[in-house]
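Okay, structure first, notes after.
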Amino acid sequence: MTIDWFPLWLSLRVAALSTLIALLAGLWLAWLLTGREFKGKHLVEACVTLPLVLPPTVLGYYLLVLLGRQSPLGKIYEWLFGQPLVFTWQAAVVAALLHSAPLLIKFSSAALESVPRRYGKAARTLGASEWRVFWRVSLPLAWNQILAATALAFARSLGDFGITIMVAGNIPGRTQTISVAIYDAVEGGRGDAARVLVLVISAVALVSLTLASRLGRISVGKAA
């Protein structure tokens with residue numbers, strides 16, 4: 001039995017990049033949604049939650065419309081990088097990002113909300129700006145919980161199938177992630193290869209979830 005390990009390495013790279021982007025963008029959105037009132041806030045919160053409830057094929061269709069070669073974003077990307085975005089491994093990163101970012105944003109918002117408000121008030125009385133309060137007070141106190149959410153987002157990124165196959169396709173050696181490779185192996189009657197890949201991805205996900213659980217317990221312990 002010969003196992004092609006390319007889907008595993010591609011999935012790890014895609015998950016790592018999408019999680020990093022989700023963390024950077026998610027922290028800003030979590031900060032924006034935590035303890036602030038602005039016009040359209042409920043709409044923003046609904047848009048963040050929407051990918052968690054919509055079918056993956058619907059999300060994949062939206063991405064095809066937004067990022068396709070005839071769309072403004074697709075044309076800009078092709079002009080910058082000399083190739084279309086869809087059906088590339090970069091499209092798989094976007095798919096994983098859409099799949100995992102809402103989870104990270106929701107958990108990060110909850111983590112920031114759990115920080116006692118008295119600390120922020122004390123920093124403001126000393127002249128700290130809202131942004132400085134976030135970076136120097138709220139974020140350090142919520143950091144372990146945010147890291148736990150990041151580990152969960154990484155595990156979720158590894159498991160995306162529906163969005164990925166629609167926008168990145170199933171091109172062996174180029175865009176075939178491990179979830180797509182498992183589907184392909186089952187469809188092709190290669191049960192041994194499918195079982196090995198299933199066990200490997202399950203082990204990676206288990207490690208990520210264990211890390212998330214441990215970080216969550218550390219946070220609870222510190223809070224206590």
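The values are calculated or read from the model by the stated rules, or taken from the named source; none is laboratory data. Predicted, not measured: the structure shown is a model, and the values here were computed from it. Cβ coordinates were reconstructed from backbone atoms using ideal geometry, including for glycine residues, and neighbour counts include every protein chain displayed.
Applying a threshold of 7 Å to beta carbon distances and a minimum spacing of six or more residues, or different chains, the list of pairs starting in region 133-150 at a residue that is hydroxyl-bearing (S, T, Y) and ending at one that is buried (at least 23 other Cβ atoms within 10 Å of the Cβ) and assigned to a helix (DSSP H, G or I) reads T150/T19; T150/L104. Of everything in region 13-34, what is surrounded by fewer than 17 Cβ atoms within 10 Å (Cβ to Cβ), more than 17 Å from A149 (Cα to Cα) and modelled with pLDDT of 90 or more? Give them in sequence order. Result: R13, single match.
Look at region 180-205: where a residue is in contact (Cβ under 8 Å) with a residue 40 or more places away in the chain and more than 27 Å from L152 (Cβ to Cβ) and a partner is surrounded by fewer than 16 Cβ atoms within 10 Å (Cβ to Cβ) and of a type in the set (A, V, I, L, M), sitting 6+ places away or on another chain with Cβ atoms under 7 Å, you get D192/M1; A193/M1; A193/I3. Within region 165-175, the set of residues being more than 22 Å from the chain's Cα centre (by Cα) and either aliphatic (A, V, I, L, M) or part of a helix (DSSP H, G or I) (or both) comprises just one member, I171. Answer with yes or no whether V167 is surrounded by 14 or more Cβ atoms within 10 Å (Cβ to Cβ), of a type in the set (A, V, I, L, M) and in contact (Cβ under 8 Å) with a residue 12 or more places away in the chain. Taking the combined requirement at face value, the residue satisfies it. Only one of the listed residues (A212, A194, A203) is at pLDDT 90 or above, surrounded by 15 or more Cβ atoms within 10 Å (Cβ to Cβ) and part of a helix (DSSP H, G or I). That residue is A194. List the number of the failed condition for V65; all other conditions in (1) of a type in the set (V, I, T); (2) farther than 30 Å from L141 by Cα; (3) under 18 Å from the mean Cα position of the chain (by Cα) hold. Looking at each condition in turn, V65 falls short on (3). For D184, indicate whether it is at pLDDT 90 or above, assigned to a helix (DSSP H, G or I), surrounded by fewer than 18 Cβ atoms within 10 Å (Cβ to Cβ) and not aliphatic (A, V, I, L, M). Criteria not met by D184.
Is it the case, given these coordinates, that R118 is outside any helix (DSSP H, G or I), modelled with pLDDT under 90 and among the charged types (D, E, K, R)? No: the conditions fail for R118. If you go through region 106-131 and keep only what is of a type in the set (K, R) and within 20 Å of V48 (Cα to Cα), you end up with just K106. Considering each residue of region 147-161 in turn, none proves to be farther than 20 Å from P51 by Cα and surrounded by fewer than 17 Cβ atoms within 10 Å (Cβ to Cβ).
Candidates are the residues of region 35-84 that are in contact (Cβ under 8 Å) with a residue 24 or more places away in the chain and of a type in the set (A, V, I, L, M, F, W, C); the one that is surrounded by the most Cβ atoms within 10 Å (Cβ to Cβ) is L63. Within region 121-164, the only residue that satisfies the criterion of being part of a helix (DSSP H, G or I), within 30 Å of P56 (Cβ to Cβ) and of a type in the set (D, E, K, R) is R156. Of the residues making up region 109-126, none is under 21 Å from R174 (Cβ atoms) and free of Cβ contacts under 8 Å to residues at least 60 places away in the same chain.
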